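The values are calculated or read from the model by the stated rules, or taken from the named source; none is laboratory data. Quantities reported herein were computed from a predicted structural model and do not represent experimental measurements. Neighbour counts run over all protein chains shown; Cβ positions are idealised from the backbone, glycine included. We work out accessible area using only protein heavy atoms, side chains counted, and drop any ligands, DNA or RNA first. Shrake-Rupley method; radii C 1.70, N 1.55, O 1.52, S 1.80 Å.
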Amino acid sequence: MDEMDEELKCPVCGSFYREPIILPCSHNICLACARNILVQTPDAESPQSSRASGSGVSDYDYLDLDKMSLYSEADSGYGSYGGFVSAPTTPCQKSPNGVRVFPPTVPQPQPQQHLLPQPGSLPPIPRNSCITCPQCHRSLILDERGLRGFPKNRVLEGVVDRYQQSKAAALKCQLCEKSPKEATVMCEQCDVFYCDPCRLRCHPPRGPLAKHRLVPPAQGRISRRTSPRKISTCTEHELENLSMYCVQCKTPVCYQCLEEGKHGTHEVKALGAMWKLHKGQLSQALNGLSDRATEAKEFLVQLRNMVQHIQENGVEFEACLVAQCDALIDALNRRKAQLLSQVNKEHEHKLKVVRDQISHCTVKLRQTTGLMEYCLEVIKENDPSGFLQISDALIRRVHMTEGQWGKGTLTPRMTSDFDLTLDSGPLLQTIHQLDFVQMKVPAAPMLQLEECCTQNNSATLSWKQPPLSTIAVEGYILELDDGNGGPFREVYVGTETICTVDGLHFNSTYKSRVKAFNGSGVGQYSKTLIMQTSEIAWFTFDPASAHPDIIFSNDNLTVTCNSYDDRVVMGNSSFSRGVHYWEMTVDRYDNHPDPAFGIARGDVLKDVMLGKDDKAWAMTDGGIAKGATIGVLLDFTRGILIFLINDEQQGPVAFEGLEGAYYPAISLNRNVQVTLHTGLPIPDFYTPGEADPTTSMC
């Protein structure tokens, strides 16, 4: 009952209603609060002049837009008030409930001839007093009756009393000798409150006491204090009880109101009957409101579950993000080690090359220095003949050694700079651009059943993403089974949300499902939809696959040819399962042509008679004439083909062992015209799948 708390509080004082009265706008207010917010208008101004003068611009001038006349016969019936007017220019304040209210004004000096209030009665209301509803801000001028002209809301007063009683302090057990415990039940027959130990000791559930009714303490207190229903009296005739209900004014009235008042010509009904009627209407209205409240509670449960899911998903998402960033850091560290290894190799290579050159140059320099010292010592010798004996050889050695220090010998073979530059710019840019673009796969699509349908041997499916899904979708994958309980296969991949699949088997049940995908992967499948194709095949001749010499008419149901040579035309539907029957009527048959009727593969030759290659199975001539009707019965349950002419079977079986997909087909020339008839039932003489064929005819 805590939710009802605000319904039982006055919008002015913020406390529970005390002696509530009903204003004409149907809002309630405490009688004392109504007295406090009365405003007195100047004596010289009437409501009409106050509205017309426009003096004293107020925050409440907009109330003029909300006027209603109390003089109307369809009003609330609360007497002859002066009508709703704008509230005078008066500062406002806020009540504890946040509603703007008008403070009381200082009473104007009253003439001496006014009578003093009698003891126990309300003080007299100043002349031209005005009261403004603190909730809807409608204002009205009170008449000489003042606040006594408003009816008291006894129902609200009773509800407040029961509510306050139920909220009172806990009741104590009446049989405890010391320190009474809190009562847990009350016996309606004994009129005693018991705690659990005293109930078991003093009121055992056996014998005559077993028939006593035990109720919760709060309920027992309310039932104990419930008083007989009070009889309401008329506000205009205080000695008369309210006994009737004015339908036009929608208010209870007394007998004297009907005799003397303005309700005499109005339609009235018994008060008890209208009480029960309005109770029923309120109960019916509460049923709808109860449904909305139930939906709101379920919605709140859903929102609370969403809070829990958001928290769980947040923890999971954070863990996923940390794992992904750690993986990036690990990958960067591994790459760092690889790059450092590459730098170390370059470093060792440069050192080796320079050290080898230093060693080689050192050896050669030692040899050159030794030769130079030796030559200087030879030059010091004074023996000409001895010098000349070795001088030529020394001169050659010196020139040879000098040649070894030729171009490039004294040039470093390796630079000290490292020719490696790490290009980290793109990676840094990628890191800065790292964001939550797509972290999850799409949700399962929803099949739109109202747009899904089958027609003939085609199926149309439509789907959409869930309303609350915000995950980007790049495309969809539609899957169907084989119509015989087999595995699913993909029939469409793309961005469209509607697809028509042609070429399905007739009289077959297909299962279909769809899923969405994006850069993160493929989402879950939708619910599986079961569809039934047409039981009987409807088709026409197919201009797209026919020979160019074929002439079509009658919505592609009638064909002929403009050539004397045989030309082939096929139907626009193929069959590979079930039992199918169609007929062709010969409209024109000149000069004994040789039309052929039967079935063919999709790659049959179109410029030769049907059946001349291994891609067609047909019947030729066989008593065909103008007006003849040729029937073709194809039974895949037995793998046979049967022909009929004018409803008579031509032999037991024409062909057998038929497997795969076949199209209805004929071949004809310009001397023949044929009309196709489809959607026909199987002939009565034939029972599919019973007798095995024994003979065949070519």
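Some notes on this structure:
- For GLY611, the residues whose amide H sits under 5 Å from its own are ALA616, ignoring neighbours fewer than 5 places away on the same chain, with H placed 1.01 Å from N.
- Phi-derived couplings, Karplus 6.51 cos²θ - 1.76 cosθ + 1.60 at θ = phi - 60°, listed residue by residue for region 294-302: 4, 4, 5, 5, 5, 5, 5, 4, 4 Hz, with x used for Gly and Pro.
- Global form of region 227-290, assessed from the alpha-carbon gyration tensor, a/c cut-off 1.5: oblate
- Above-threshold pairs, the threshold being 23 Å between Cα atoms, out of LYS440/LYS527; LYS250/LYS279; LYS9/LYS269; LYS152/LYS276: LYS9/LYS269
- For region 261-381: rounded, prolate or oblate by the Cα gyration tensor [a/c cutoff 1.5]: prolate
- Solvent exposure of region 397-517 amounts to 66 Å² per residue of accessible area, where only protein heavy atoms count and the probe is 1.4 Å.
- Of the GluC sites (Glu not before Pro) in region 588-685, the ones in a loop by DSSP (not H, G, I, E or B) with at most 12 other beta carbons within 10 Å are GLU659.
- Solvent-accessible area of region 448-487 (1.4 angstrom probe, protein heavy atoms only): carbon and sulfur portion equals 51 percent.
- For region 545-588, the solvent-accessible area with a 1.4 angstrom probe is 39 square angstrom per residue.
- Percent carbon-and-sulfur accessible area, region 208-356, ignoring ligands, DNA and RNA, probe 1.4 Å: 58 percent
- In region 536-590, the portion of solvent-accessible area held by carbon and sulfur atoms comes to 48 percent [1.4 Å probe, whole percent, DNA, RNA and ligands not counted].
- Placed amide H near MET446: partners under 5 Å, 5+ positions off or other chain: LYS464, GLN465
- For region 202-347, the relative contact order comes to 10 percent (Cα pairs under 8 Å, sequence separation of at least 6).
- Protection proxy ranking of 324-335, 237-248 - average other beta-carbon atoms within 10 Å, highest first: 237-248, 324-335
- Anchor LYS352: aspartates and glutamates whose Cα lies under 18 Å away (excluding residues fewer than 8 positions away in-chain): ASP417, ASP419
- For GLN650, the residues whose amide H sits under 5 Å from its own are PHE643, LEU644, ILE645, ignoring neighbours fewer than 5 places away on the same chain, with H placed 1.01 Å from N.
- Net charge, GLN367 excluded, C-beta distance under 14 Å - Lys, Arg +1, Asp, Glu -1: +1
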